[in-house]
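Q: Before I ask anything, here is the structure I am working with.
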């Protein structure tokens with residue numbers, strides 16, 4: 001075996017170990033150990049300081065503050081501290097308007113303003129040095145990321161365990177590319193497995209909660225600030241965990257150029273962390289040591305591994321005329337060519353596996369650029385928000401700029417709702433016509449399978465306004481035995497529910513039982529897409545346990561399908577409803593932007609079709 005082939009095999013083994021063997025090993029061991037959890041009672045309420053750094057965030061700052069104001073946590077136990085780092089847009093004005101409403105709810109929020117852009121590390125260090133001793137827990141969160149309303153309660157519950165120093169949640173995008181979505185599904189799965197041993201290596205920067213006693217100021221050279229903050233807190237043998245029910249929803253979708261620039265910076269940070277966190281090699285937690293080497297150290301070096309691998313492939317193909325190397329290069333060339341054509345002709349249809357290969361190649365190309373830039377001192381400038389060309393970052397001018405923007409937003413939401421109603425009528429009419437053969441077959445099957453009516457009516461809560469909350473009868477195909485709730489009363493359906501008939505189980509898995517709701521849509525009681533209509537019998541309990549629960553249908557008709565339904569499926573208990581509330585808020589916020597709404601509406605429709613075709617319902 002010649003030297004070139006030996007090098008290729010070695011690099012391939014390193015690549016395969018990092019991407020495939022390590023995750024499998026981690027998953028294998030994680031299954032044999034239950035997730036770490038605290039035995040604390042729910043009365044444990046530490047003082048929490050929410051730390052936010054903002055630079056030109058006018059598109060998201062208000063909704064972020066309103067999201068934080070909806071937290072189900074004692075208002076006297078948490079405060080919000082915001083650094084405006086040299087903002088040149090309307091971020092300050094919109095933050096002040098939102099904070100004035102928060103003060104009416106007795107929620108403390110304070111603004112710190114830097115006249116000049118000093119960089120995120122300087123902003124974070126200012127917050128840490130100024131407020132570290134005022135709180136038991138510091139929560140660092142991005143402006144563009146929304147959190148589930150039980151986030152602070154869950155964080156507090158974990159910190160009752162003195163061993164836990166860092167808590168985070170599941171990072172998700174309300175609108176993401178296929179490759180980006182798959183990447184974060186992979187990362188979330190990996191971090192959950194690491195969490196079983198309290199050895200999560202790096203948490204999502206969108207939301208990271210750290211025990212104040214373990215928070216340390218960052219080095220002025222730090223690039224990936226979120227990772228460094230969390231890892232510094234673990235240097236003394238403490239644990240980091242991921243809460244699988246704590247949702248972090250990223251509202252901002254990076255454009256391609258922005259995403260590439262972000263990956264360049266992250267890769268440079270990954271490479272830098274090998275040196276800055278070398279003291280982790282002395283950790284008392286063997287799992288942290290194992291994860292650090294297998295995950296972060298190799299991730300920092302992987303761009304170089306891939307680069308050397310491609311160079312070696314080229315040398316073997318050209319100099320030694322090696323058939324395997326030539327075949328690999330041909331596949332890579334085909335992937336790059338297809339990717340270039342898709343970009344040139346603006347084709348968005350997925351083309352697996354070439355899309356995945358291109359995403360990996362682009363990521364590691366960005367990684368090599370990041371490492372090169374870091375080694376030449378290219379990351380010494382303060383942070384800048386990369387201006388995008390969409391309407392969300394357009395600045396307003398003049399004294400009436402803020403008011404004009406608000407009026408424009410309200411008008412946009414009004415126009416979206418009017419257009420949405422037109423789509424509902426057209427869509428429901430077409431849906432009834434196309435689905436009529438399926439509906440007739442379902443009616444016959446229900447009649448043959450069990451006694452009782454074909455259709456089932458159930459009282460639901462509809463659109464809510466300032467003076468009126470609508471109640472209506474939702475139409476469904478009967479999927480349970482007649483009088484199924486006579487003995488049990490009103491309870492949530494569960495997996496393997498004995499009340500569900502054989503035909504009903506199929507109808508639920510394919511969502512065919514929902515088809516009669518097209519009639520509700522035509523009557524104006526429902527929409528094709530919207531929050532799930534809840535039963536009044538559950539409403540009081542949900543409102544007591546989930547503050548602001550009723551706001552999910554404020555000014556919005558409930559839908560046959562919706563963002564929360566396609567992301568989380570059916571509700572089986574209050575925890576399921578609680579984890580979905582953030583998705584409902586995200587959908588409501590999207591109505592203020594026609595572009596965001598259309599993008600989200602189309603994504604929900606496609607995911608709904610996928611659920612129906614693959615039978616992924618309950």
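Q: What do you reckon, is residue 203 buried (at least 19 other Cβ atoms within 10 Å of the Cβ), within 29 Å of residue 377 (Cβ to Cβ) and in contact (Cβ under 8 Å) with a residue 24 or more places away in the chain? Write out each step before concluding.
A: On the way: buried (at least 19 other Cβ atoms within 10 Å of the Cβ): yes; within 29 Å of residue 377 (Cβ to Cβ): yes; in contact (Cβ under 8 Å) with a residue 24 or more places away in the chain: yes.
Here the answer is yes, as residue 203 does meet what is asked.
Q: Before we move on, is residue 472 in a strand (DSSP E or B) and either surrounded by 11 or more Cβ atoms within 10 Å (Cβ to Cβ) or modelled with pLDDT of 85 or more (or both)?
A: Numbers: in a strand (DSSP E or B): yes; either surrounded by 11 or more Cβ atoms within 10 Å (Cβ to Cβ) or modelled with pLDDT of 85 or more (or both): yes.
In short, yes.
Q: Still on this structure: Taking the condition of being buried (at least 20 other Cβ atoms within 10 Å of the Cβ) and free of Cβ contacts under 8 Å to residues at least 12 places away in the same chain, how many residues in the stretch 292-340 meet it?
A: 0
The values are calculated or read from the model by the stated rules, or taken from the named source; none is laboratory data. Just so you know, these numbers come straight off a predicted model, no measurement behind them. Every residue, glycine as well, gets a Cβ built from its backbone with ideal geometry; the counts of neighbours run over all protein chains shown.
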